[in-house]
Amino acid sequence: MYVRDAKNREEVWLLDHIEAMGLDETAFRSRDYVIAIDEETNEKAGFGRIRIHKGDDDTRNAAGRRVDSDTDVCELTSIGVLPDWRRQGVGAHVVERLVQIAGDDGFETVYALTDQSDYLAQFGFERIDTATLPDQLQDRLSIKRDNIQPDAVPLRLATDRFHMPDRLRERFKGAVAQADETVEDTPEDFGIDPDSATYKYDTDR
């Protein structure tokens, strides 16, 4: 299992699964996505996107990607794992790859607007006050809440502070499709000890 940049020919596949999962497809561009692939079967297991909210400058690196300026903002969004591949570290490695790309492109910070704050917290994401969001993400959060995720909250991560839990690293190494298994997520899957958790990111839903 590995994660690579999406290819143009995978646009239809991405759009189909984004729609099926009720994820955000605003300003869709396949080149903004990465895809988790089973190296033995070439089966696609998950995906995610970096979305750059442009500032006033237009600085680009050798690969043609926009490089962080004082006014550019990097958001991680549209992260999804196909049902047969869930609970095997696929989403975690998609997030890791997106954070690596952001760091390589000069971003010191990435943001996420999501109703899955407990999941991202295990990688080092911290919830922040809406008022501290960059201007580009203020309206974006309102639109997201109005359309697809009413309980979305803003999170932030320094790109050099990403942490991959060992259990997810190990699961990913041996990930296989589980077509006949339906397993509910448990608090432990989100890095939560159910006996001692204070639910720091509880949004009173």
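The values are calculated or read from the model by the stated rules, or taken from the named source; none is laboratory data. From a predicted model like this one, the values you see are computed outputs, not experimental measurements. With ideal geometry, Cβ positions are generated from the backbone for all residues, glycine too; neighbour counts draw on all protein chains shown.
Would you confirm whether any residue within the range 83-90 is at pLDDT 95 or above, of a type in the set (Gly, Ala, Ser) and under 19 Å from the mean Cα position of the chain (by Cα)? Checking the range 83-90: not a single residue is at pLDDT 95 or above, of a type in the set (Gly, Ala, Ser) and under 19 Å from the mean Cα position of the chain (by Cα).
The residues in the range 157-194 that are assigned to a loop (DSSP other than H, G, I, E, B), touching an Asp or Glu at 6+ places or on another chain (Cβ under 8 Å) and modelled with pLDDT under 55 can be counted, and the count is 3. Among the numbered conditions (1) β-branched (Val, Ile, Thr); (2) at pLDDT 90 or above; (3) within 19 Å of the chain's Cα centre (by Cα), the only one that THR132 does not meet is (3). Consider only pairs whose beta carbons are under 7 Å apart and that are at least six residues apart or on different chains; among these, list those whose first residue lies in the range 122-146 and is free of Cβ contacts under 8 Å to residues at least 12 places away in the same chain and whose second residue is outside any helix (DSSP H, G or I) and surrounded by 18 or more Cβ atoms within 10 Å (Cβ to Cβ). Taking only residues 6 or more apart or on different chains, the pairs are ARG145/ALA152. Each residue in the range 52-74 was checked for being surrounded by fewer than 19 Cβ atoms within 10 Å (Cβ to Cβ) and either in contact with a Leu (Cβ under 7 Å, 6 or more places away or on another chain) or at pLDDT 90 or above (or both), and 2 pass.
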